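J.: Sharing a structure with you now.
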Amino acid sequence: MKIGIVCYPTFGGSGVVATELGMALAEKGHEVHFITYKQPVRLDFISNNIHFHEVFVEEYPLFHFQPYELALSTKIVEEVEKHAIEILHVHYAIPHAYAAYMAKQMLLEKGIEIKVVTTLHGTDITLVGSHPNYKAAVEFSINNSDVVTTVSESLKQDTLRLFSIRKPIHVIYNFIDFTKYPDIVSPECQRNAIANENERIIIHISNLRPVKRAEDVITSFYKIQKEIPAKLLLVGEGPDREKIGKLTKELKVEKNVLFLGNSTEVNKLLCYSDLIILPSETESFGLVALEAMAAKTPVISTNTGGLPEVNIQGITGFLSNVGDTDEMAKNAISILKDEAVLKQFKQNAFEQAKKFSLDQILPAYLKVYKEVLADCC
Ligand code: GMT
């Protein structure tokens, strides 16, 4: 099949999923065309089947806002015509599903039919998409996609609650490519470069936006390290970086907190880690929790959104109400204080991650593609 993938090329989860999916499809022999404004950060040109088409938006003094949707839909039309792309798989509704709809209409005028698959990822529904400024356009573009998928059952229910949807929604969970998470501890994983022998290593990975509640990571860590010697790795960049930097100083834990910035190799950082903290306000799935579990890292998370579909209470970690850092710290300590308990949680996390392996999930997307194409001719 010839598949166009439209996504955000940055560090967000939707871009990561889209990129990993495209690379996996190319590995299986499909021709994959990424159409976005920058080369996706996790994109590896591992095969001749992967192509990247840059959407370029020229500055013009009249434009206060650059018309990205226009440039994107124009680029989609151009590449579909050039490469005979059959399916356009857009990740994150805003503005991709809308641009895909416009491209589809323009192509129809040229006698070309393209099928649009829209995958909803989370904030495109829960935080941004349902805002009155966007709601009508998001609802329209979901209803006019040929197929709609969500990354969790929880996000499907949120979509049905917040919008008037006339289409069936397929839940296809996010996945993990285990070839990037070796079962054995990698020789590169030098724990002692990060922490002393007696210290546990805790990690948080996010884009440090308010929805991630990174202050709760610092507060939980402050409570944990009073009882258990530990280091905290903070991976990612974002608007709350300064605020949490200040909090580490106020709580006098700055010596034990390492700010590592953005990373394209979270699998390598996770190999050091004994525990991940994900205290998000809302999370449709929590891809980073899955990535952590694939690297045998138990999860302390909130119980919102799709997190309970990924992190299993008392088995792979613990889930608490948003903001309950006392309970998060208590649960973290209960895992970290005993070597045997930690070992068991690590193994459970790994077993749970296997349910979301690429081999299990990729066939679901392929089925959707085949069905939508069969419908067309
Ligand atoms: O929240 C992020 O870090 C980015 C965001 C995105 O859309 O890029 O992530 C959303 O999509 C991920 C991949 O499907 C999910 O794992 C995240 O849970 C979801 N984020 C939220 O719902 C807040």
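J.: Can you pull out every residue in the range 84-100 that is in a strand (DSSP E or B) and in contact with a Ser or Thr (Cβ under 6 Å, 6 or more places away or on another chain)?
T.: Answer for the range 84-100, where residues must be in a strand (DSSP E or B) and in contact with a Ser or Thr (Cβ under 6 Å, 6 or more places away or on another chain): Val90, His91.
J.: Looking only at the range 13-60, count how many residues are in a loop (DSSP other than H, G, I, E, B), touching a residue at least 40 places away in the same chain (Cβ under 8 Å) and out of contact with any Gly (no Cβ under 9 Å at 6 or more places or on another chain). Before you say what the answer is, go through the steps one by one.
T.: We begin by selecting, within the range 13-60, every residue in a loop (DSSP other than H, G, I, E, B); these are 28-30, 37-49, 55-60.
Those left that are additionally touching a residue at least 40 places away in the same chain (Cβ under 8 Å): 28, 41-42.
Those left that are additionally out of contact with any Gly (no Cβ under 9 Å at 6 or more places or on another chain): 28.
Of the residues in that region, 1 qualify.
J.: Given the range 313-377, what helices (runs of 4 or more DSSP H) lie entirely inside it while holding 2 or more residues that are over 26 Å from Ile218 (Cα atoms)?
T.: Details: elements: 325-336, 339-354, 358-376.
So the answer is 339-354, 358-376.
J.: Among the listed residues Glu58, Glu69, Glu113, which satisfies the condition of being out of contact with any helix residue (DSSP H, G or I) (no Cβ under 7 Å at 6 or more places or on another chain), at negative phi and not hydrophobic (A, V, I, L, M, F, W, C)? Write out each step before concluding.
T.: Values: Glu69 fails: out of contact with any helix residue (DSSP H, G or I) (no Cβ under 7 Å at 6 or more places or on another chain); Glu113 fails: out of contact with any helix residue (DSSP H, G or I) (no Cβ under 7 Å at 6 or more places or on another chain).
Only one candidate qualifies: Glu58.
J.: Also, quick follow-up: I'd like the full set of residues that are surrounded by 12 or more Cβ atoms within 10 Å (Cβ to Cβ) and more than 24 Å from Lys2 (Cβ to Cβ), limited to the range 47-65.
T.: Step one: filter the range 47-65 for residues surrounded by 12 or more Cβ atoms within 10 Å (Cβ to Cβ), giving 47, 49-55, 57.
Within the range 47-65, just Val57 meets the criteria.
J.: I'm told His131 meets every condition in (1) under 24 Å from the mean Cα position of the chain (by Cα); (2) under 16 Å from Val6 (Cα atoms) except one. Can you identify the failing condition by its number?
T.: That leaves (2) as the condition not met.
J.: With respect to Val322, is the statement that it is within 13 Å of the ligand (Cβ to nearest atom) and touching a Pro at 6+ places or on another chain (Cβ under 9 Å) true? Step through it out loud before you land on a result.
T.: Details: within 13 Å of the ligand (Cβ to nearest atom): yes; touching a Pro at 6+ places or on another chain (Cβ under 9 Å): yes.
So Val322 passes the test.
J.: Turning to a different aspect of this structure: Scan the range 311-332 for residues that are of a type in the set (A, V, I, L, M, F, W, C), touching a residue at least 60 places away in the same chain (Cβ under 8 Å) and surrounded by 21 or more Cβ atoms within 10 Å (Cβ to Cβ) and jot them down.
T.: Within the range 311-332, Met328, Ala329, Ala332 meet the criteria.
J.: How many residues, within the range 102-131, are surrounded by fewer than 24 Cβ atoms within 10 Å (Cβ to Cβ) and away from the ligand (no atom under 16 Å from the Cβ)?
T.: 13
J.: Report whether or not Thr36 is under 22 Å from Glu265 (Cβ atoms) and hydroxyl-bearing (Ser, Thr, Tyr).
T.: Working: under 22 Å from Glu265 (Cβ atoms): yes; hydroxyl-bearing (Ser, Thr, Tyr): yes.
In short, yes.
J.: Another question, if that's okay. Scan Pro168, Pro239, Pro210, Pro229 and give me the residue that is in the same structural domain as Gly12 (by TED's automatic domain parsing) and either on the phi > 0 side of the Ramachandran plot or surrounded by fewer than 16 Cβ atoms within 10 Å (Cβ to Cβ) (or both). I'd like the intermediate steps shown before the answer.
T.: Details: Pro239 fails: in the same structural domain as Gly12 (by TED's automatic domain parsing); Pro210 fails: in the same structural domain as Gly12 (by TED's automatic domain parsing); Pro229 fails: in the same structural domain as Gly12 (by TED's automatic domain parsing).
None of the other options fit; the residue is Pro168.
J.: Tell me, which residue of the range 70-96 that is in contact with a Leu (Cβ under 8 Å, 6 or more places away or on another chain) and of a type in the set (D, E, K, R) is surrounded by the most Cβ atoms within 10 Å (Cβ to Cβ)?
T.: Checked the range 70-96; the qualifying residue surrounded by the most Cβ atoms within 10 Å (Cβ to Cβ) is Glu86.
J.: State whether one or more residues within the range 159-170 are of a type in the set (S, T, N, Q) and within 16 Å of the ligand (Cβ to nearest atom).
T.: Yes: one or more hits.
J.: A follow-up question, please. Counting only residues that are over 24 Å from Lys337 (Cα atoms), among the aliphatic types (A, V, I, L, M) and crowded, with 18+ Cβ neighbours inside 10 Å, how many does the range 251-297 have?
T.: Total satisfying the criteria: 2.
J.: For Tyr37, indicate whether it is assigned by TED's automatic domain parsing to the domain that holds Ser141, under 24 Å from Leu366 (Cα atoms), surrounded by 15 or more Cβ atoms within 10 Å (Cβ to Cβ) and in contact with a strand residue (DSSP E or B) (Cβ under 9 Å, 6 or more places away or on another chain). Full working, then the answer.
T.: Values: assigned by TED's automatic domain parsing to the domain that holds Ser141: yes; under 24 Å from Leu366 (Cα atoms): no; surrounded by 15 or more Cβ atoms within 10 Å (Cβ to Cβ): yes; in contact with a strand residue (DSSP E or B) (Cβ under 9 Å, 6 or more places away or on another chain): yes.
Against the criterion (assigned by TED's automatic domain parsing to the domain that holds Ser141, under 24 Å from Leu366 (Cα atoms), surrounded by 15 or more Cβ atoms within 10 Å (Cβ to Cβ) and in contact with a strand residue (DSSP E or B) (Cβ under 9 Å, 6 or more places away or on another chain)), Tyr37 does not qualify.
The values are calculated or read from the model by the stated rules, or taken from the named source; none is laboratory data. Treat the numbers as computed from the prediction; the structure is a model and nothing was measured. A quick note on method: Cβ atoms are made from the backbone with ideal geometry, for glycine too, and the neighbour counts reach across all protein chains shown.
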